[in-house]
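Q: Have a look at this one.
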Amino acid sequence: MIDKRKRNLFRRVPSPFRSFIYPPYFEKKEDFLNCLECKTKECKNACPEKIIFIENEKPVIKFGINGCTFCDECAIACPNNVLKLENKKIKLNVEMIINTQKCLAWNKTVCFSCQDICGENAISYNGILNPIIDLDKCTGCGFCIGVCPVDAIATKIL
Ligand code: SF4
Ligand code: SF4
Ligand code: SF4
């Protein structure tokens, strides 16, 4: 029988890159190691939506009232080619999930806030209730998060 200490040795060590949403212009998450040398953090300053924050020297996206417009500004500003236009993605590394316990429209109250703001037409209703997100259409832009009055849209980082 394996003792507890030995069992822990076999546990997967969580990657320091795993639990963040990144601007959509990186090639590999490991490339963010190059951000350690970056003093100016131009990507953060360049973001017109102000959704880039620096955590452990790396740029990470946090949604508030804004979302990502895929505007390219962070990639254009990056002096170290960590973010590059040629790596532009059509989705952020995140999936949106509607919490049906919290969502008003899943609880018999009319609410179209998330659908109204979604530029991708990714949220559909069954009549006027029970919205669902089509993950094939959703870009993970995050704009629906800030408009939800009951904070019912959660994120799963990919
Ligand atoms: S693409 Fe534009 S909006 Fe999105 S994180 Fe970069 S600068 Fe911000
Ligand atoms: S500007 Fe480029 S190198 Fe500097 S923190 Fe942002 S992504 Fe990293
Ligand atoms: S995150 Fe997805 S569902 Fe939400 S507004 Fe953006 S595209 Fe639409």
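Every number in this text was worked out from the coordinates using simple rules, so none of it is lab data. Bear in mind that the values here come from a model prediction, so they are computed numbers and not experimental data. Note that each Cβ is placed from the backbone with ideal geometry, even for glycine, and that neighbours are counted across all protein chains shown.
Q: With runs of 4+ DSSP H residues as the only contributors, calculate the mean residue ellipticity of the chain at 222 nm using -39,500 (n - 2.57) per run, divided by the residue total and rounded to the nearest 500.
A: Mean residue ellipticity at 222 nm (helix-derived): -3500 deg cm²/dmol.
Q: Moving on. Among the listed pairs LYS44/LYS91; LYS29/LYS50; LYS44/LYS108, which are separated by more than 31 Å between their Cα atoms?
A: LYS44/LYS108
Q: Over the Cα atoms of the stretch 94-157, compute the convex hull volume and normalise it per residue, giving Å³.
A: Expressed per residue, the convex hull around the Cα atoms of the stretch 94-157 is 71 Å³.
Q: Based on Cβ point charges of +1 for Lys and Arg and -1 for Asp and Glu, what charge dipole magnitude is obtained for the chain about its Cα centre, in debye rounded to the nearest 20?
A: 920
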